[in-house]
1. In region 5-19, what count of residues is obtained for those that are part of a helix (DSSP H, G or I) and either in contact with a Pro (Cβ under 7 Å, 6 or more places away or on another chain) or surrounded by fewer than 14 Cβ atoms within 10 Å (Cβ to Cβ) (or both)?
2. Those residues that are assigned to a loop (DSSP other than H, G, I, E, B) and touching a strand residue (DSSP E or B) at 6+ places or on another chain (Cβ under 7 Å), I need them from region 458-468; list them, please.
3. Identify all residues within region 113-134 that are in contact with a strand residue (DSSP E or B) (Cβ under 6 Å, 6 or more places away or on another chain) and either at positive phi or surrounded by fewer than 21 Cβ atoms within 10 Å (Cβ to Cβ) (or both); write none if there are none.
4. Pull up region 302-335, narrow it to residues that are surrounded by 12 or more Cβ atoms within 10 Å (Cβ to Cβ) and charged (D, E, K, R), then point me to the one that is modelled with the lowest pLDDT.
5. I'd like to know if region 181-197 contains one or more residues that are in a loop (DSSP other than H, G, I, E, B) and under 24 Å from the mean Cα position of the chain (by Cα).
Amino acid sequence: MLHLLPTEIALQIASYIPLQSLYQVSLVSREWHSLIADNSRTVYRNAAILHHFVLHADLQAESSCREQRDWTQLCRRRLEIERGWRGKAPSTAKELTATGKFVHRIKVDQHEGFVITTCYTGGLYVTDINTDRVLWAETHVADYAHCEYDHGYIIFNRHDNGKEVWRLARDFQDSDIPEDFKPDVSMITASEEAVRRNPSSTGLGHFRPWALLQMPELTRAFRFSYPTLLSANANDAYIWDVPTSRLVETISNLQAPNEDGPLGRLNYVDVNDKYVFICGSVQLRIFAREGGALVYHLTKKSLPPMHWDILPESNNVTCPSSLFQSQRLHEAFHVSESSLSNFKAAHVSSSGKDLVALTGSGAFVWIPGFERLFHREVSLSDIAVVLNFSPSSDRIQDTSLYLALGESNEKAAVATRMGIYIISLDSGINKLTAEAPPRPGVSVYRVIKYDHSRHLSFITCLQMTNTGVFFNWYPSSEQNRFSQPTRHLLALPPPQPPAPAPAPASVQVFADQAITPAQDAEAHDGEGQDVHMPELHLVESSDDDDPAEDNASDPPSPTIVGPPPLVDVLEDEDEDEEEEEVHIGFVANEEAEDFEMEDMEDMEEPVVIDNIQFNGDGFMQVMNDWFLPINPSMVHCIHV
């Protein structure tokens, strides 16, 4: 009977029909088949909107573009992509070797076809995803630099309070550069050198200096969501409009205590056109733009007690050539997390409607329509979904590594010390595969063949696009090795003059407490800081041998490595031994703290590069026995 309605009304009704149902109704009804065939552009455009295949901004751009999009092909391709994410269609893995040997941060521009990386040892690379060829490189970028990228702008930090902004070279003329915070001489010189080193007739992936933004004070973390840059320290957040190089707003007193205490240690920040999201170790706080009012805060104890434990699926049937394996969601009751587990990261969706967060103990929190909480239209337990990625853990531990949020398809990726997981957040998308939506409204898939526990611990960045996930990983020759039990190294301080009174054995020494004011002033922004540490002598700790002090002196820093990184010195009680072991880990970012060093006897034949020795599991040894666990990883990408 619907085909008897006026065409406009019938098409309006069809706009609520999922893709699979559109195909089915065209098979069972000649009238509907004719209606869909005669109005295919409108029908499939509505279907793309229904399934969130396009953003509102893309629709506006499409309406002003002369070239008309093929909506039928778009829907067909996106359906195949969705099947790929769910392990029902082939997926491929690729290693990009041109991105540098010490990848620290990754940003991806799928439209332009390149990936941007910064390295532990300094430098920034723009690499073609398809050809694995360096398009453009900048060598003056600081060691351990954090970078942001959006809409053709790259932003990375210096070792001071400055943020360098570079823009795709073809997108502007020198006369377009704003008068305030113009690039300095070092940026211009570096740009000229980069052009000489990377000649190109097309200029693909080439950048030129746009601005040098000077923060009012040293900041710790920053996030760029075009056109807004948010840069924050422990107590103040600065909001910049990057295209005009203007400081448009300052939000102060981020740490102001409330009924649940202070914000805590700053771990992550995010921003959109309405809110600022500050992720602290104690609370996740949301501040309103244009005034800075605190509109909501979230603590770990306020999370719903019902979690969904992520477990392997026993009867899992996937496409043989897929790298994604479905996981089972089991509803279970969990008590409030210990204060030892903090908020690692938080992201707001591109639609501005959903919020996701990740705790250190592996709890992923999805809050759809989070603005409803501000007006008390709903309670957190009514709408929040909590996925637990460490259900078998018998104690709180720092298992989470990184959180990434996808683009228009609103997916998330989580890296933990146990695996890499893909989360489909939109329950309506399940209709694309003719499956019943799972109870919590999400589906979870694990990336297989990337499950080496020690290699997972060294992931320092994870990014998602509509068709792939990118992360730093060891070279492929290391991928298939079995995990080996960890043997810790005991850290013994060098001889010191007698102290007036010994420190209590139960005291924990945290990294940020060990930084002097002078060191803190030298620390750079971003998620991985670079400050000097007190001298430590490392010796192997075993059950049979007594620890002996390593008499090797602390050598000068290698020129390609930079100063020694900040470490966490944490006391750990062994269940079988009364002797205390100290875990020493290289802090690559705030989301991957507590790395463990491996027994050197278990490593493969070492490789020497530039007078630096790399052992089998990626640990770097300077030739006079001074060890730095730096990961010589490259970018791996999995495409669907």
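1. Initial filter on region 5-19 (part of a helix (DSSP H, G or I)): 7-14, 19.
Those left that are additionally either in contact with a Pro (Cβ under 7 Å, 6 or more places away or on another chain) or surrounded by fewer than 14 Cβ atoms within 10 Å (Cβ to Cβ) (or both): 7-9, 12-13.
Residues meeting the conditions: 5.
2. Ile459, Thr460, Cys461, Thr465, Thr467
3. Asp128, Asp132, Val134, listed by residue number.
4. Top of the filtered list is Glu313.
5. Among the residues of region 181-197, not one is in a loop (DSSP other than H, G, I, E, B) and under 24 Å from the mean Cα position of the chain (by Cα), which makes the answer no.
The rows are residues; the columns are (1) out of contact with any Lys or Arg (no Cβ under 6 Å at 6 or more places or on another chain); (2) modelled with pLDDT of 95 or more.
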{"position": "Arg78", "(1), (2)": "yes, no"}
{"position": "Arg105", "(1), (2)": "yes, yes"}
{"position": "Ile116", "(1), (2)": "no, yes"}
{"position": "Cys119", "(1), (2)": "yes, no"}
{"position": "Val126", "(1), (2)": "yes, yes"}
{"position": "Arg133", "(1), (2)": "yes, yes"}
{"position": "His159", "(1), (2)": "yes, no"}
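The values are calculated or read from the model by the stated rules, or taken from the named source; none is laboratory data. As the structure is a prediction and not an experimental result, all values here were calculated from the model. All Cβ positions, glycine included, derive from the backbone under ideal geometry; neighbour counts span all protein chains shown.
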